[in-house]
Amino acid sequence: MVDLKEKQRVRVRIVGMDCYSCSLLLDRMLRHVKGIERVRVNYVLDTVFVEFDPSIISENDILQIIKKKTGYVAFINH
């Protein structure tokens, strides 16, 4: 069976993430959010790559969840 869901990818810049422990916190938190399919955190670049289902969650939702759950300011990095 072929998965026909349209997924989107976004690169999110995180302000203030400066250690490996911070990246683990963010990774674990995002992996449990409904609609997020894959997460890759790079604390050296202050960046999170997120693959998600836009029919369930939006880019703005992701940014708001990051702020609410971790306190980090996040923005889409195009």
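Just so it is clear, none of the values below were taken in a lab; they were calculated from the coordinates. Small disclaimer: the values here were computed from a predicted structure and weren't measured. When we count neighbours, we look across all protein chains shown, and the Cβ atoms used for this are built from the backbone with ideal geometry, even at glycine.
For residues that are basic (Lys, Arg) and without any contact (Cβ under 8 Å) to a residue 40 or more places away in the chain, scanning just the stretch 11-51, find the one that is surrounded by the most Cβ atoms within 10 Å (Cβ to Cβ).
Filtering first and then ranking leaves 40.
Say we look at the stretch 54-78 and pick out the residues that are touching a residue at least 60 places away in the same chain (Cβ under 8 Å) and under 16 Å from residue 39 (Cβ atoms); which of these is surrounded by the fewest Cβ atoms within 10 Å (Cβ to Cβ)?
If we take residues in the stretch 54-78 being touching a residue at least 60 places away in the same chain (Cβ under 8 Å) and under 16 Å from residue 39 (Cβ atoms), then 76 is surrounded by the fewest Cβ atoms within 10 Å (Cβ to Cβ).
Of everything in the stretch 1-24, what is more than 11 Å from the chain's Cα centre (by Cα) and within 15 Å of residue 73 (Cβ to Cβ)? Give them in sequence order.
15, 16, 17, 18, 22
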